[in-house]
Amino acid sequence: MEIALSGYESYLSRLPFSQNTRRNYFLRVRGYLHWLSGTLEPARALQEPLERDFVVRDYKTYLLKSGRSSATVNATLAAVDNFSLYLGLGSAKVRRLDLPAQAPKALDPDEQRRFLKAVAQCQSARNQALAMLLLHCGLRISELAALNVGDVFVTARKGELVVRCGKGSKQRKIPLNTDVREALLRYLPGPQEPNEPLFKSQRGTRISINGAAFIIRELARIAVFFAN
């Protein structure tokens with residue numbers, strides 16, 4: 001366990017996370033490994049995806065019985081998933097807990113600054129462009145996922161976005177500010193097929209609504225750790 005934890009700590013140091021994020025992931029994984037060491041066959045959970053899934057489900061139950069909040073349990077599962085990626089096992093097939101529904105609200109100036117810092121440190125041009133479109137254009141996640149390359153007209157001096165699958169099947173045009181145009185130009189540096197999805201998954205297919213939402217949640221989680 002100690003060897004795995006030490007290797008994971010080195011792996012974390014190379015990820016584009018803030019210091020606080022690295023510390024939180026490390027502490028959550030250390031807690032998981034401490035609990036895992038008390039199970040019958042801890043080594044199998046670090047080597048076999050199926051065994052890992054069963055064990056992580058048990059750990060989720062343990063956290064809930066210990067009085068952890070849904071948000072804390074979900075954050076811990078995210079850290080354990082990151083640890084599993086380090087081990088080469090992929091994410092555990094364990095459902096996250098539903099969080100209480102909250103009405104959407106605009107970011108205040110400080111929240112927006114923190115979010116933009118998280119976007120700026122992101123090394124994925126796709127994720128940067130996706131985040132900037134959502135932040136500055138007021139798109140719904142479903143509208144963003146439905147965008148094609150041909151729905152975007154952008155140059156260094158001007159730009160426009162056509163939303164063809166808006167609420168009530170209505171189309172609308174949205175002007176693109178400088179920050180959004182720059183992000184899109186970094187993401188789409190050359191000619192693209194107009195009917196291709198604007199944002200694709202790692203498998204090369206159109207990004208799903210859940211996939212886009214996950215990217216935004218990860219950026220928002222990182223943004224929380226930036227100091228004033």
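Please enumerate the residues belonging to segment 55-90 that are among the aromatic types (Phe, Trp, Tyr) and surrounded by fewer than 15 Cβ atoms within 10 Å (Cβ to Cβ).
Taking segment 55-90 and keeping what is among the aromatic types (Phe, Trp, Tyr), we get 59, 62, 83, 86.
Hit for segment 55-90 is Tyr62, nothing else.
Tell me, which residue of segment 1-30 that is assigned to a helix (DSSP H, G or I) and among the hydroxyl-bearing types (Ser, Thr, Tyr) is surrounded by the most Cβ atoms within 10 Å (Cβ to Cβ)?
Here is the first cut: in segment 1-30, the ones assigned to a helix (DSSP H, G or I) are 2-13, 19-30.
Right, trim to among the hydroxyl-bearing types (Ser, Thr, Tyr) and you get 6, 8, 10-11, 13, 21, 25.
Numbers: Ser6: 10, Tyr8: 20, Ser10: 9, Tyr11: 16, Ser13: 11, Thr21: 21, Tyr25: 23.
Filtering segment 1-30 for residues that are assigned to a helix (DSSP H, G or I) and among the hydroxyl-bearing types (Ser, Thr, Tyr), the one surrounded by the most Cβ atoms within 10 Å (Cβ to Cβ) comes out as Tyr25.
Conditions first: (1) out of contact with any His (no Cβ under 9 Å at 6 or more places or on another chain); (2) more than 22 Å from Ile222 (Cα to Cα). Ser69 passes all but one, so which condition is the exception?
Every condition holds for Ser69 apart from (2).
Checking Gly168 against (1) at pLDDT 90 or above; (2) in a helix (DSSP H, G or I); (3) not aromatic (Phe, Trp, Tyr), which single condition isn't satisfied?
In the conditions (1) at pLDDT 90 or above; (2) in a helix (DSSP H, G or I); (3) not aromatic (Phe, Trp, Tyr), Gly168 misses (1) alone.
Going through segment 185-220 one residue at a time, which ones are under 17 Å from the mean Cα position of the chain (by Cα) and either among the aromatic types (Phe, Trp, Tyr) or outside the structural domain of Leu133 (by TED's automatic domain parsing) (or both)?
So the first thing to find is which residues in segment 185-220 are under 17 Å from the mean Cα position of the chain (by Cα), and the list is 199-203, 206-220.
Phe199, Phe214, listed by residue number.
Could you check segment 195-216 and list, in sequence order, the residues that are assigned to a loop (DSSP other than H, G, I, E, B) and either in contact with a Lys or Arg (Cβ under 6 Å, 6 or more places away or on another chain) or within 11 Å of Leu147 (Cβ to Cβ) (or both)?
So the first thing to find is which residues in segment 195-216 are assigned to a loop (DSSP other than H, G, I, E, B), and the list is 195-196, 198-199, 201-205, 207-208.
Across segment 195-216, the qualifying residues are Glu196, Leu198, Phe199, Ile207.
Quick grid of which residues meet (1) in the same structural domain as Gln128 (by TED's automatic domain parsing); (2) assigned to a helix (DSSP H, G or I); (3) more than 29 Å from Arg140 (Cβ to Cβ); (4) of a type in the set (Val, Ile, Thr):
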{"position": "Tyr32", "(1), (2), (3), (4)": "no, yes, yes, no"}
{"position": "Thr39", "(1), (2), (3), (4)": "no, no, yes, yes"}
{"position": "Arg44", "(1), (2), (3), (4)": "no, yes, yes, no"}
{"position": "Arg52", "(1), (2), (3), (4)": "no, yes, yes, no"}
{"position": "Arg95", "(1), (2), (3), (4)": "no, no, no, no"}
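Checking Thr178 against (1) out of contact with any helix residue (DSSP H, G or I) (no Cβ under 7 Å at 6 or more places or on another chain); (2) in contact (Cβ under 8 Å) with a residue 12 or more places away in the chain: exactly one of these is not met. Which one?
Here Thr178 clears every test but (2).
The values are calculated or read from the model by the stated rules, or taken from the named source; none is laboratory data. Keep in mind that what you see is a predicted model, and the values were worked out from it rather than measured. Every residue, glycine as well, gets a Cβ built from its backbone with ideal geometry; the counts of neighbours run over all protein chains shown.
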